[in-house]
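In what follows, a structure is listed as structure tokens, so that the remarks can point back to it.
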Amino acid sequence: MRRRLNKNLSRVLLMGLLLGILFGCDMDQTFVFFPESRLAATPADFGLPYDEVSFTAEDGVRLHGWFVPGTPDAPVILFFHGNAGNISHRIHNLRLFRERLGVSVFIFDYRGYGRSDGSPSEEGTYADARGALAWLREKGWAADHTIYFGRSLGAGVATQLALEAPPAGLVLETPFPSIAAMGRRHYPGLYAVLGWSVRSRYDTLEKIGDIHVPLLIFQGSADAIVPPQMARQVFEAANEPKQFHLIPGAGHNDTLDHGIEDYWRVWQEFVAALVAEAPHPSSR
């Protein structure tokens, strides 16, 4: 009976997806992007100083972000969040970056997320990233004092930007090889039939070998969404210098709740090495 129910459910899902394609539904909006427009909080609610930032993507779409200042001469982290929610769901992370590392952080919402205009797409997120980097450059942040940090889908965005505009260092958390790899793992039957209808690729595995900056990858050992072997594929294809830090017991969305002292020790050592290599920053 259970096997028959599962078979019937699969048929219903497949029929629904086929109808969605026939009637013009966007499969990327169904399977890849899960934005929320309402901001749940601001950094001020966590006692953080910050600036509201309004800027434009490379193609002119208006975007929204927050700049949280750090200590003088510390680098800036350009933060690329994952595919769900918005920047207000990452404030705890912003607070820890400031407290544990003393860095400045610029986080922004992709188009269609939070207070940013537009509708998300892979190429759109890349244009958004270029706009965010342009804003940092206008404020005087040089490449040798800029670190890209991408989580999950954001790892794909950070990787693309690192390919185009190399930073001082690249940090990826729970990175997956590609959207295709994720589809084949989680929806093998459906992806075999309908994978062609998903436009987004985020092919980090294909790109990472062309990047030549220090790399740090964090991965939860209990991540059921992006299993450790997927993140290791990305790591193994990358160039030296590189580090892989497995977080015992961590899943996909709770990396900051497991082994936190060890997690931040690795971050601190990575940032310290980059700062030692970089020239003294010009005044901003």
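The values are calculated or read from the model by the stated rules, or taken from the named source; none is laboratory data. Since we're looking at a predicted model, the values are computed, not measured. Methodologically, a virtual Cβ is constructed for each residue, glycine included, from the backbone with ideal geometry; neighbour enumeration extends over all protein chains shown. The protein model used for the area step is the full one, side chains on, heavy atoms only, and it has no ligands, DNA or RNA in it. Shrake-Rupley method; radii C 1.70, N 1.55, O 1.52, S 1.80 Å.
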Exercise. In region 257-272, what residues are surrounded by 16 or more Cβ atoms within 10 Å (Cβ to Cβ) and outside any loop (DSSP other than H, G, I, E, B)?
Worked result: Y263, W264, V266, W267, F270, V271
For this session: Starting from region 53-67, keep only residues that are polar (S, T, N, Q), then list their pairs with residues that are part of a strand (DSSP E or B) whose Cβ atoms are within a distance under 7 Å, requiring at least 6 positions of separation or different chains.
Result: S54/R62; S54/H64; T56/R62; T56/L63
Seminar exercise, completed: Here, helices (runs of 4 or more DSSP H) confined to region 92-199 with at least 2 residues that are modelled with pLDDT under 95 and surrounded by fewer than 18 Cβ atoms within 10 Å (Cβ to Cβ) are 179-186, 188-194
Seminar exercise, completed: Note on region 227-246: residues within 21 Å of I260 (Cβ to Cβ) and either of a type in the set (K, R) or open to solvent by 50 Å² or more (accessible area, probe 1.4 Å) (or both) are Q243, L246
Exercise. Which of the following residues is open to solvent by 10 Å² or more (accessible area, probe 1.4 Å), in a strand (DSSP E or B), closer than 20 Å to K139 by Cα and touching a strand residue (DSSP E or B) at 6+ places or on another chain (Cβ under 9 Å): F67, F79?
Worked result: F67
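Rundown of residues vs (1) in contact with a helix residue (DSSP H, G or I) (Cβ under 9 Å, 6 or more places away or on another chain); (2) aromatic (F, W, Y); (3) within 20 Å of P175 (Cα to Cα), yes/no style:
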residue: V53; (1), (2), (3): yes, no, no
residue: E58; (1), (2), (3): yes, no, no
residue: A84; (1), (2), (3): yes, no, yes
residue: I91; (1), (2), (3): yes, no, no
residue: I107; (1), (2), (3): yes, no, yes
residue: E122; (1), (2), (3): yes, no, yes
residue: S152; (1), (2), (3): no, no, yes
Problem set entry | Matching entry among A224, A276, A250 (being more than 20 Å from T159 (Cβ to Cβ), of a type in the set (G, A, S), open to solvent by 70 Å² or more (accessible area, probe 1.4 Å) and not in a helix (DSSP H, G or I)) | A224
